[in-house]
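Here is the structure we will look at, set down as structure tokens.
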Amino acid sequence: MKRRSLLLGAAAGLAAPAVLTPAVPALGASGSYAPAWGTAPVPRSRLALPLHNRASELTTLPAQTKQAIIVGASSYSTTYATLQAYVRVSDRHWQPASASLPARIGSKGFSDNHVEGVPTTPTGVYSIGPTIYGIAANPGVRYPYHRLVSGDWWNENPSSSRYNTFQHSSTNPGGASEALWQETPAYTHFAVITYNMPPNVPTPVPNAGSGIFLHQFSTTAGNATAGCVSLARNHLVDVLNWLDPALSPRIVLSPYDQLRRY
């Protein structure tokens, strides 16, 4: 979505709490871990846990999903949200992997019917795209990483056969397509949220919306976006490094009172 981070209301800002490092590896921890580290429980005494374990409300996540991110807000209309990360420690039990992180969403809040060009964040359950991208070097992610170069676009032209995909081209794909390598600091690093793309839909639906990412704030204070989810840089890097494709992560975008749909 063109001009990813809208500067409306940026001065309001958000105080960003540090990610706390538990006794066993969790989001924000440092060091080398065994492949399944993301499923380890977090000792309650070492982590400032969310007041409510919102992952316990989720009922539709695949059995193979061992990591879940919930981006929630108090209403459909707010632009202020929180991001909470969880690990599955048994079939029915999730445990927080981080403190609640302040986030921003679209300047028109959440929508159940997002469309191209409207700055809402689409509700639903999504995967993380197979590649993580960024203008800067790989910060240590577990996914394949593509460092952006001149000519790297996100195709946001509904008339194009490559709508809502990454494209390397010497020419602009048209419509509201984004020159990814020029979007600083928002695209220092970002993950793709698979709204209107596989595996959520077989092929992107024209005009249903494109380019929904998890990316960095465009201002130090934090600001509403054009439909993406944004975080402070250090929080974003912690989240991206925590995500493990082997654990089939999912991200849930929703007002809190609608989480039981998912």
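The values are calculated or read from the model by the stated rules, or taken from the named source; none is laboratory data. Note that the structure is a prediction, hence the values are computed from the model and not measured. For neighbour counting, all protein chains shown are included, and Cβ atoms are generated from backbone atoms with ideal geometry for every residue, glycine included. Accessible surface areas use protein heavy atoms only, side chains included; no ligands, DNA or RNA. Shrake-Rupley method; radii C 1.70, N 1.55, O 1.52, S 1.80 Å.
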Among 55-66, 104-115, how do they line up by average Cβ neighbours within 10 Å per residue, starting with the highest? 104-115, 55-66
Give, rounded to the nearest 20 debye, the magnitude of the charge dipole that segment 104-262 has about its Cα centre when Lys and Arg contribute +1 at Cβ and Asp and Glu contribute -1 at Cβ. 220
Roughly how many nanometres apart are two label points built 7 Å out from the Cα toward the Cβ at Ala246 and Val115? 4.5
Rounded, prolate or oblate: which fits segment 104-262, taking a ≥ b ≥ c as square roots of the Cα gyration tensor eigenvalues, rounded meaning a/c under 1.5, else prolate when a/b beats b/c? rounded
Percent of accessible area on segment 159-250 owned by carbon and sulfur, 1.4 Å probe? 52
Compute the Cα gyration tensor for segment 173-262, then decide on rounded, prolate or oblate, letting a ≥ b ≥ c be the square roots of its eigenvalues: rounded whenever a/c is under 1.5, prolate when a/b is larger than b/c in the other cases, and oblate in all that remain. rounded
Once you have a ≥ b ≥ c as the square roots of the Cα gyration tensor eigenvalues for segment 110-163, tell me rounded if a/c is under 1.5, and otherwise prolate or oblate according to whether a/b is larger than b/c. oblate
Over 16 Å apart: what share of the alpha carbon pairs of segment 46-112 falls there, rounded to a whole percent? 50
